[in-house]
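Each remark here refers to the structure printed beneath this line.
The values are calculated or read from the model by the stated rules, or taken from the named source; none is laboratory data. This structure is a prediction, so every number in the text was calculated from the model and none was measured. Please note: Cβ atoms are built from the backbone with ideal geometry, for glycine as well, and neighbour counts cover all protein chains shown.
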Amino acid sequence: MTSAALFDLSGLNALVCGASQGIGKATAQLLAQQGARVVLLARNREALEKVRSTLTSPEQHLCVAADVSHAVELDSALENILSTWGTIDILINNAGGPAAGPLLEAEPSAFESALHTHVLAQLQLCKKLAPAMRSKRFGRIINVISTSVRIPIPNLGVSNTIRAAVAGFAKTLSQELAPHGITVNNVLPGYTETERLSALAQASATRSATSPEVIRENWLKQVPMHRFARPEEVAAALAFLASREAGYITGVSLQVDGGRIGAI
C-alpha cells in the first residue's frame with residue numbers, strides 16, 4: 001500500500017474483530033494508516049501486539065484479547081473498550097468461518113457454535129455500540145462474510161447457512177439504523193490469500209485424496225482474474241465503506257471476488 005490516504009478517517013475510533021491475521025490484520029493496518037484509532041480484538045494477545053507494532057503510530061491503538069463467541073468475555077472486553085475510549089464509530093465484524101464439510105455431516109453443536117460466533121456476538125456488539133453511534137448520528141457497521149451468500153460454496157454447509165443468517169441480520173439492521181446516520185454493509189471476499197484459504201485447501205485435499213496445490217489450481221480456474229485476492233484489497237473495500245464519503249451506502253453486500261460470481 002502507498003502512504004497516500006484513501007479516505008480521511010481522522011477523529012474516528014474503529015473496532016476490528018479478528019485483527020490478529022488475514023483480512024482483519026490488513027484492515028486494522030489500513031484504517032490506522034487513514035487516521036483512525038483502532039481497537040484490535042482477537043483471542044491471542046501476543047499476535048495482536050505484533051500487529052499493533054506494524055500500525056501507524058502504534059501507541060495510539062489498543063489491543064483487547066477476547067473470544068467473541070463467549071458472551072461474558074465479550075461484554076467485559078466491550079466495557080474495557082468503552083471505559084477507555086468512550087465510543088466506537090466503526091465496527092468491523094470479522095471472525096473465522098466454521099469448519100468445512102457437507103451439511104448433513106455437521107453436528108448440531110457446529111451450528112450452535114457458529115451462531116454464537118457470527119450472529120449472537122454481532123447482536124451483542126451492536127447493542128453495546130449503537131447507542132453512542134445514534135447520539136453522534138454517525139456510525140459504520142461492516143461485516144466480513146463470504147460470497148456464499150450469493151452462491152453456496154460446496155463443502156461449506158455450516159458456513160453457507162450461518163453466513164446467510166448474518167446477511168439477513170445486516171439488511172434488517174441497516175433499515176433500522178439508517179434514520180440515525182448509521183450504515184450497515186457487508187463485504188463478500190472471494191478466494192483471498194489468508195490462513196483460512198490454506199486451511200480450506202488442505203481440508204478439501206484431504207477429502208478428495210489430492211493435494212492442496214491441485215485444489216488451489218481448480219479454484220483459480222473459477223476466477224476471471226486468474227489470481228486470488230490480497231487481504232489488502234479486501235481491506236480497501238472495508239475502508240471505503242467505513243469512510244464519511246460512503247454515508248449514503250447502506251444495506252449492500254459488496255463482492256470482492258475477482259469476478260467469480262456470475263450474477264449481475
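Data table
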read-out	value
Options VAL187, VAL158, VAL252: the member that is farther than 24 Å from LEU12 by Cα and of a type outside the set (Gly, Ala, Ser)	VAL158
Which listed residue, of GLU59, GLU73, is without any contact (Cβ under 8 Å) to a residue 60 or more places away in the chain and within 28 Å of HIS116 (Cβ to Cβ)	GLU73
Odd one out for ASN218, checked against (1) under 17 Å from GLY22 (Cα atoms); (2) at pLDDT below 95; (3) surrounded by fewer than 17 Cβ atoms within 10 Å (Cβ to Cβ)	(1)
Output for segment 54-82, where each listed residue is assigned to a loop (DSSP other than H, G, I, E, B) and β-branched (Val, Ile, Thr)	THR54, THR56, VAL68
Matching option when the condition is farther than 23 Å from GLN21 by Cα and buried (at least 18 other Cβ atoms within 10 Å of the Cβ), among THR192, THR250, THR206, THR210	THR250
Residue in segment 153-171 that is surrounded by 20 or more Cβ atoms within 10 Å (Cβ to Cβ), assigned to a strand (DSSP E or B) and at pLDDT 95 or above present	no
Residue identified as crowded, with 17+ Cβ neighbours inside 10 Å, closer than 26 Å to ALA246 by Cα and in contact with a Cys (Cβ under 9 Å, 6 or more places away or on another chain) among ILE145, ILE88, ILE92, ILE81	ILE92
Top-ranked residue in segment 17-53 [being farther than 22 Å from SER243 by Cα and in a loop (DSSP other than H, G, I, E, B); ranked as farthest from the chain's Cα centre (by Cα)]	SER53
Set LEU9, LEU31: member being modelled with pLDDT of 95 or more, of a type outside the set (Gly, Ala, Ser) and more than 26 Å from VAL119 (Cα to Cα)	LEU9
Criterion: modelled with pLDDT of 95 or more, more than 28 Å from LEU156 (Cα to Cα) and small (Gly, Ala, Ser) - qualifying residue of ALA36, ALA106, ALA110	ALA36
Within segment 175-198, tally of residues that are touching a residue at least 40 places away in the same chain (Cβ under 8 Å), closer than 24 Å to GLY96 by Cβ and in a helix (DSSP H, G or I)	2
Residue count for segment 221-258, restricted to those that are in contact (Cβ under 8 Å) with a residue 40 or more places away in the chain and on the phi > 0 side of the Ramachandran plot	2
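This table checks each residue for (1) among the hydrophobic types (A, V, I, L, M, F, W, C); (2) out of contact with any Pro (no Cβ under 9 Å at 6 or more places or on another chain).
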{"residue": "ASN185", "(1), (2)": "no, yes"}
{"residue": "GLU193", "(1), (2)": "no, no"}
{"residue": "ASN218", "(1), (2)": "no, yes"}
{"residue": "GLN222", "(1), (2)": "no, yes"}
{"residue": "ALA237", "(1), (2)": "yes, no"}
{"residue": "LEU241", "(1), (2)": "yes, yes"}
{"residue": "ASP257", "(1), (2)": "no, no"}
{"residue": "ILE261", "(1), (2)": "yes, yes"}
{"residue": "ILE264", "(1), (2)": "yes, yes"}
